[in-house]
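K.L.:
Structure incoming, see below.
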Amino acid sequence: MLYALLCYHDEDFVGSWSKEQDATVMAKLAVVQEKLAKQGRLGPVARLLPTTAAATLRKDDPPLVIDGPYAETKEQLLGFYIVDCENLDAALEVARDLGAANPGGSYEIRPVGVFRPGAVS
Amino acid sequence: MTDAAWIDAALTSARPQAVGALLRYFRDLDTAEEAFQNACLRALKSWPQNGPPRDPAAWLIMVGRNAAIDEVRRNRKQEPLPEDEAISDLDDAEDEIAERLDGSHYRDDILRLLFICCHKELPATQQIALALRVVSGLSVKQIARAFLVGEAAMEQRITRAKARVAQASVPFETPGAVERSERLTAVAAMIYLIFNEGYSASGETADLRMPLSEEAIRLARLLLRLFPSEPEIMGLTALLLLQHARAAARYDADGALILLEDQDRSLWNKTMIAEGLALIDKAMRHRRSGPYQIQAAIAALHARAASSDETDWTQIDLLYGALEVVQPSPVVTLNRAVAVSKARGAQAALEMIEPLAGRLSNYFYFFGVRGALLMQLDRNEEAHVAFDRAIALAHSSAEAAHIRMQIDRLKRDSAKNSAKDRAGIRGAAKRP
């Protein structure tokens, strides 16, 4: 069974870490990740860029682009995609295509800062 | 991360919101700061024992406010302070105050706090010092170090700035749309000043001042989270990120400045560039251009180019042209001339900067650029004069060292050329 672990934390707080503190946390996480990777159990790992870099596509008709992260609490996270795009417009185009195939709800579009593809199939 | 480091980060991140709310409550900066300080002291005692509160900012506002009120009462009636236990169980009260402090309040509290620091009558250095002290919570010692002045002098500077601000009577009502937008513009300018204090530091002080650039980025992100749909704030944040991404490549081992075109681009911070590019993409969608967005777009073209030769100079020339329209300044024209020299040649660039000579007669960079352009046109003697003037005007040894390097190159070239002249080949090579 594959599990997705979705990371939540206070962005202001994490953003207040010094470079050294950030590096310390990342190094500690790397140890855990390394162990899982050796066992062939680690899939993709991504660290997202801050929510200030996010845009949200509301899958209305016509679809509406909003600045910032997805803010509704009435809906739940049901899945995610990682797509390789030249820029935000290209990412929004992908989101629109997906949205046309499955209207309703929203896509939050967040650039990925760190990405490791992992090795789970 | 240790408990102490964790609490430190939590206090830092809660500070703008907490001090902003306390300022709204007490309407006096010193009282607000003192209340926050008291709350922090109590947090250091209470959090390790009782665990961190769910909402540190709300906790600090609540405790800070109560502590200050107690202080007033104590002075009035000599009443004893409540025991620490009385404030350790704040969960219910915390929920209540968190609910009252809705998003719009947070937003205007933090904006007001930033705004009072950029009071028009305060000189730029005082604005920056005040913001770093009050909003960012840097110690006077840290700020003094970054500004390369003594602690006492900085203390005095901040005290003076605070007195000025206290007289200014900033309105505490929720600002209207126009007022809010004016505040936002002033605050953005101040954040850019903070950034430049760090960014323009020369080699030997760069390490000391680098934190200023990082703090400016933190404040810009904070502002953008409060105003997520403002394209100029996206532009500002993008600009800071794209410039700061080059930090590791800007100085050589001796602390001498390395020009953009000579930088090792593999040292550029790719994550920061990605964030900057994402932000400028977002901003452009609004089609409401402004100086920060244009400058960020220029920085983005540099960031996207794998090497200096692959830079889209024509586009950069056009963007500087747009910047000249919205923010006319001889310095902008000078920067444009550098792009023009790449896109259309040194002669065109030189013609563009000649009219600026009067207004930029004391500007280091003007003579540096002029010298470089003259050098490209083989007008070496004139170039030498320009470089000498640049050295005389340099603010830092890194700047001076950079110009000296150019002069050395000139001397080498002219030595080579005079040898060639003697051999009678120079004219044939240069003027077909």
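The values are calculated or read from the model by the stated rules, or taken from the named source; none is laboratory data. Keep in mind that this is a model prediction, so the values were computed, not measured. In this analysis, Cβ positions are derived from the backbone assuming ideal geometry, glycine residues included, and neighbour counts consider all displayed protein chains.
K.L.:
Can you tell me which residue is nearest to B:S396 (Cα to Cα) among those in the stretch B:182-216 that are surrounded by 24 or more Cβ atoms within 10 Å (Cβ to Cβ) and among the β-branched types (V, I, T)?
P.N.:
B:I194
K.L.:
Same structure again: So A:V83 clears everything in (1) within 27 Å of B:A248 (Cα to Cα); (2) within 20 Å of the chain's Cα centre (by Cα); (3) not acidic (D, E) except one condition, right? Which one?
P.N.:
Here A:V83 clears every test but (1).
K.L.:
Do you know which residues across the stretch B:248-266 are farther than 21 Å from B:G368 by Cβ and touching a Leu at 6+ places or on another chain (Cβ under 9 Å)?
P.N.:
Correct list: B:A248 only.
K.L.:
Taking the stretch B:379-406 as the search range and keeping residues that are part of a helix (DSSP H, G or I), touching a residue at least 24 places away in the same chain (Cβ under 8 Å) and hydrophobic (A, V, I, L, M, F, W, C), which one is surrounded by the fewest Cβ atoms within 10 Å (Cβ to Cβ)?
P.N.:
Top of the filtered list is B:M405.
K.L.:
Which of (1) touching a helix residue (DSSP H, G or I) at 6+ places or on another chain (Cβ under 6 Å); (2) without any contact (Cβ under 8 Å) to a residue 60 or more places away in the chain; (3) at the interface with chain B (Cβ under 10 Å from one of its Cβ atoms) does A:V14 not meet, given it meets every other one?
P.N.:
Just one mismatch for A:V14, condition (1).
K.L.:
While we're on this one: Within the stretch B:146-162, take every residue that is closer than 15 Å to B:C117 by Cβ and β-branched (V, I, T) and give me the one that is surrounded by the most Cβ atoms within 10 Å (Cβ to Cβ).
P.N.:
B:I158
K.L.:
From (1) under 25 Å from B:A186 (Cβ atoms); (2) surrounded by 18 or more Cβ atoms within 10 Å (Cβ to Cβ), pick out the condition that doesn't hold for B:H302.
P.N.:
Every listed condition holds for B:H302 apart from (1).
K.L.:
Taking the stated definitions as given, is B:V332 in contact with a Phe, Trp or Tyr (Cβ under 8 Å, 6 or more places away or on another chain) and either in contact (Cβ under 8 Å) with a residue 12 or more places away in the chain or at positive phi (or both)?
P.N.:
Spelling it out, B:V332 is indeed in contact with a Phe, Trp or Tyr (Cβ under 8 Å, 6 or more places away or on another chain) and either in contact (Cβ under 8 Å) with a residue 12 or more places away in the chain or at positive phi (or both).
K.L.:
Considering A:P63, A:P69, which residue is surrounded by 11 or more Cβ atoms within 10 Å (Cβ to Cβ) and within 27 Å of B:L242 (Cβ to Cβ)?
P.N.:
A:P69
K.L.:
Something else about it: Going by the structure shown, is B:A124 modelled with pLDDT under 80 and surrounded by fewer than 19 Cβ atoms within 10 Å (Cβ to Cβ)?
P.N.:
no
K.L.:
Going through B:R287, B:R265 one at a time, which residue ends up being of a type outside the set (A, V, I, L, M) and closer than 17 Å to B:A247 by Cα?
P.N.:
B:R265
K.L.:
Among the listed residues A:A90, A:A27, A:A71, A:A23, identify the single one that is within 14 Å of chain B (Cβ to nearest Cβ), without any contact (Cβ under 8 Å) to a residue 24 or more places away in the chain and in a loop (DSSP other than H, G, I, E, B).
P.N.:
On inspection, the qualifying residue turns out to be A:A71.
K.L.:
If A:A4 satisfies every condition in (1) more than 8 Å from chain B (Cβ to nearest Cβ); (2) surrounded by 15 or more Cβ atoms within 10 Å (Cβ to Cβ); (3) part of a loop (DSSP other than H, G, I, E, B) but one, which is the exception?
P.N.:
(2)
K.L.:
For the stretch B:163-181, how many residues meet the condition of being in a helix (DSSP H, G or I) and loosely packed, with under 13 Cβ neighbours inside 10 Å?
P.N.:
Count: 5.
K.L.:
Another question, then. Would you be able to say whether some residue in the stretch B:310-321 is within 14 Å of another protein chain (Cβ to nearest Cβ), surrounded by fewer than 19 Cβ atoms within 10 Å (Cβ to Cβ), within 28 Å of B:Y363 (Cα to Cα) and among the small types (G, A, S)?
P.N.:
Scanning the stretch B:310-321 turns up no residue that is within 14 Å of another protein chain (Cβ to nearest Cβ), surrounded by fewer than 19 Cβ atoms within 10 Å (Cβ to Cβ), within 28 Å of B:Y363 (Cα to Cα) and among the small types (G, A, S).
K.L.:
Next question. Given (1) in the same structural domain as A:P103 (by TED's automatic domain parsing); (2) more than 26 Å from B:A58 (Cα to Cα), where does A:L29 come up short, assuming only one miss?
P.N.:
The number of the failed condition is (1).
K.L.:
Kindly evaluate B:Y192 against the criterion of being closer than 15 Å to B:A131 by Cβ, under 12 Å from the mean Cα position of the chain (by Cα) and more than 14 Å from chain A (Cβ to nearest Cβ).
P.N.:
For B:Y192, the condition - closer than 15 Å to B:A131 by Cβ, under 12 Å from the mean Cα position of the chain (by Cα) and more than 14 Å from chain A (Cβ to nearest Cβ) - is met.
K.L.:
Give me a count of the residues in the stretch A:31-68 that are closer than 23 Å to A:V83 by Cβ, more than 14 Å from every other protein chain (Cβ to nearest Cβ), in a loop (DSSP other than H, G, I, E, B) and in contact (Cβ under 8 Å) with a residue 60 or more places away in the chain.
P.N.:
3
K.L.:
Looking only at the stretch B:350-378, which residues are more than 20 Å from B:I407 (Cα to Cα), out of contact with any Pro (no Cβ under 8 Å at 6 or more places or on another chain) and in a helix (DSSP H, G or I)?
P.N.:
B:E351, B:M352, B:I353, B:E354, B:P355
K.L.:
Right, another one. Return yes or no: is B:H244 surrounded by fewer than 17 Cβ atoms within 10 Å (Cβ to Cβ) and in contact (Cβ under 8 Å) with a residue 12 or more places away in the chain?
P.N.:
No: the conditions fail for B:H244.
K.L.:
How many residues, within the stretch A:99-120, are more than 12 Å from chain B (Cβ to nearest Cβ), closer than 23 Å to A:C7 by Cβ and surrounded by fewer than 17 Cβ atoms within 10 Å (Cβ to Cβ)?
P.N.:
6
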